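Just so it is clear, none of the values below were taken in a lab; they were calculated from the coordinates. Given the structure is predicted, the values throughout are model-derived calculations rather than measurements. So basically every Cβ, Gly included, is an ideal-geometry build from the backbone, and we count neighbours across all protein chains shown.
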Amino acid sequence: MTNFSDMLSKAKAMQEKMKEAQDQIKKIEVEGVSGGNLVKVTLSGNYELKSIKIAELAKNEKQEIINDLIIAAYNNAKENLKKKSAEELSKVTGGLNLPLDFKLPF
């Protein structure tokens, strides 16, 4: 039975590390850009939109183009956040590709 209890303690330690990684990821802030830096968007680790910066040059464009630039910058930030989150998670899991919301069954 020592193998099972050892495995259980390792799983609980991994669960604690995962929680720490999730907390660290929430503190991350990433930037996304579009239109050659005409629009910059900042996201927090839990995908909360922190800021939108629109260059003066972009403000001369049609509203539809500005909207597209904001969406593109957000999507860029989202991709950057996914990469950064995966890096943080990889540090904890030792390279295992576990999802960010991974839960152990206990």
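Within the stretch 40-57, track down each residue that is in contact (Cβ under 8 Å) with a residue 12 or more places away in the chain, of a type outside the set (K, R) and within 30 Å of K27 (Cα to Cα).
Residues of the stretch 40-57 in contact (Cβ under 8 Å) with a residue 12 or more places away in the chain: 40-47, 49-50, 52-55, 57.
Adding the requirement that they be of a type outside the set (K, R) leaves 41-47, 49, 52, 54-55, 57.
Correct list: V41, T42, L43, S44, G45, N46, Y47, L49, I52, I54, A55.
Per-residue answers, yes or no, for (1) crowded, with 17+ Cβ neighbours inside 10 Å; (2) under 28 Å from Q22 (Cβ atoms); (3) out of contact with any helix residue (DSSP H, G or I) (no Cβ under 6 Å at 6 or more places or on another chain):
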residue	(1), (2), (3)
L43	yes, yes, no
K50	no, yes, yes
I54	yes, no, yes
N60	no, no, yes
Q63	no, no, yes
N67	no, no, yes
I71	no, yes, yes
K83	no, yes, yes
A86	no, yes, yes
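Could you list, in sequence order, all residues of the stretch 24-53 that are acidic (D, E) and over 12 Å from N76 (Cα atoms)? Explain how you work it out, then say what you get.
Pass one, the stretch 24-53, residues acidic (D, E): 29, 31, 48.
The answer is E29, E48.
Scan the strands (runs of 3 or more DSSP E) fully inside the stretch 1-68 and keep the ones with 1 or more residues being closer than 16 Å to L89 by Cβ.
Fully inside the stretch 1-68 and qualifying: 29-34.
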